[in-house]
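Working notes, beginning with the structure itself.
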Amino acid sequence: MSVWLPESGETLIARAPLAFATGEATQVKGMRWFRDTERNDIQNELGGWPEGPVYTARSAGDTAARNTVKGAAMAVGMAVMGLLSSQPGSVGPGRSDKGSSTSHDRADEVEDFPVMWAAPGTMARTLPWQLDPARSPLDQYRTHAVITDRRLVIVGFPYIKGDEKRIDDELLWETPRSAITRVELRDFKIGNDAKIVFTDGSWCRVSSINRERLTRYLIEPPEFIPLASLTQAQRSTAEGFAATQAPDAQPPLVKQNPCGCFRIEVVAPSTVHASFGHSGLNTVMDANGTELRLTEYHREDFLT
């Protein structure tokens, strides 16, 4: 096992799976494109990239036919679920607040689905081809984003089904955090996507099953409270929590939530999971340094 680690003095904050996103609207479902600012396909201009599939968006007629079939299937499904839910002791379908059935960006989500938008010589064109599931199938190879207080790093490793602890990282790409202008969440359909915009105007659309952990630490400033600035009780709770984690657990990262409580997170490289990255080891304490039970959390204390 060879997990990528930052340099001395650099703080490891988070790790999450990362890949170029995939279209979900009927016209572009299962597809993705690499575009310049004139919406031309540029995948053949990306140096060192192996050949990939050429997609064509479905026509309006094809889309209408697919939607008719899909609508009929959904109607049958809803009828079955309605019957099941009417039975004593039955449980209805799961509900998630993640994702949205409405697109607020039809040009890039319904009519087209660019996952790279980049003029010649811009940052997005330097991204590694291994992020593309069509060129690097997820059942054979995985790519993760690693967030530190200094940079965004992309690593990759061969994936063996059933061996989630086998990590043999290869450094594929990196950029300083200062090269990222903003990160925008994209909730259309599943709600796993995000748009990362670079300072040169280029951008990429990526997807992560652990999106919130990935994007939170690119959106939030990596400004954690120094342990020396905590009260003795707070510091004891933070260090005590870290001590109960894996032997290679890093020093605790402490931030104050809007409600006034403190979030304590610990990263332990040995607990990295091939499919989920590092889910984070966390707890919450109040201003007195008392660790809270889950039932005592405020809304702002929950990690989404």
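Numbers for the structure displayed
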| read-out | value |
| --- | --- |
| Members of segment 7-29 that are within 26 Å of His273 (Cβ to Cβ) and not in a strand (DSSP E or B) | Glu7, Ser8, Glu10, Thr11, Leu18, Ala21, Thr22, Glu24 |
| Within segment 30-44, considering residues that are touching a residue at least 24 places away in the same chain (Cβ under 8 Å) and outside any loop (DSSP other than H, G, I, E, B), the one surrounded by the most Cβ atoms within 10 Å (Cβ to Cβ) | Phe34 |
| Selection status of Asp193, closer than 20 Å to Arg15 by Cβ and surrounded by fewer than 13 Cβ atoms within 10 Å (Cβ to Cβ) | no |
| Pro158, sole failed condition from (1) surrounded by fewer than 17 Cβ atoms within 10 Å (Cβ to Cβ); (2) of a type outside the set (Ser, Thr, Tyr); (3) closer than 27 Å to Tyr55 by Cβ; (4) at pLDDT below 95 | (4) |
| Flag if Ala238 is of a type in the set (A, V, I, L, M), in the same structural domain as Gly280 (by TED's automatic domain parsing) and either surrounded by fewer than 17 Cβ atoms within 10 Å (Cβ to Cβ) or part of a helix (DSSP H, G or I) (or both) | yes |
| Members of segment 289-304 found to be in a loop (DSSP other than H, G, I, E, B), out of contact with any strand residue (DSSP E or B) (no Cβ under 7 Å at 6 or more places or on another chain) and surrounded by fewer than 15 Cβ atoms within 10 Å (Cβ to Cβ), listed by number | Thr290, Arg293, His298, Phe302, Thr304 |
| Residues satisfying the stated conditions in segment 277-293, i.e. of a type in the set (A, V, I, L, M, F, W, C) and at pLDDT below 95 | Leu281 |
| Met116, sole failed condition from (1) at pLDDT 95 or above; (2) out of contact with any Leu (no Cβ under 8 Å at 6 or more places or on another chain); (3) of a type outside the set (Lys, Arg); (4) closer than 18 Å to Val28 by Cβ | (2) |
| Scope segment 269-285; condition surrounded by 18 or more Cβ atoms within 10 Å (Cβ to Cβ) and either farther than 24 Å from Ala19 by Cβ or touching a Ser or Thr at 6+ places or on another chain (Cβ under 6 Å) (or both); matching residues | Leu281, Thr283, Val284, Met285 |
| Failed item, numbered, when Leu5 is tested on (1) free of Cβ contacts under 8 Å to residues at least 12 places away in the same chain; (2) outside the structural domain of Trp117 (by TED's automatic domain parsing); (3) surrounded by 13 or more Cβ atoms within 10 Å (Cβ to Cβ) | (1) |
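The values are calculated or read from the model by the stated rules, or taken from the named source; none is laboratory data. The structure displayed is predicted, hence computed values, not measured ones. Positions of Cβ are generated from backbone atoms using ideal geometry, with glycine treated the same way; all protein chains shown enter the neighbour counts.
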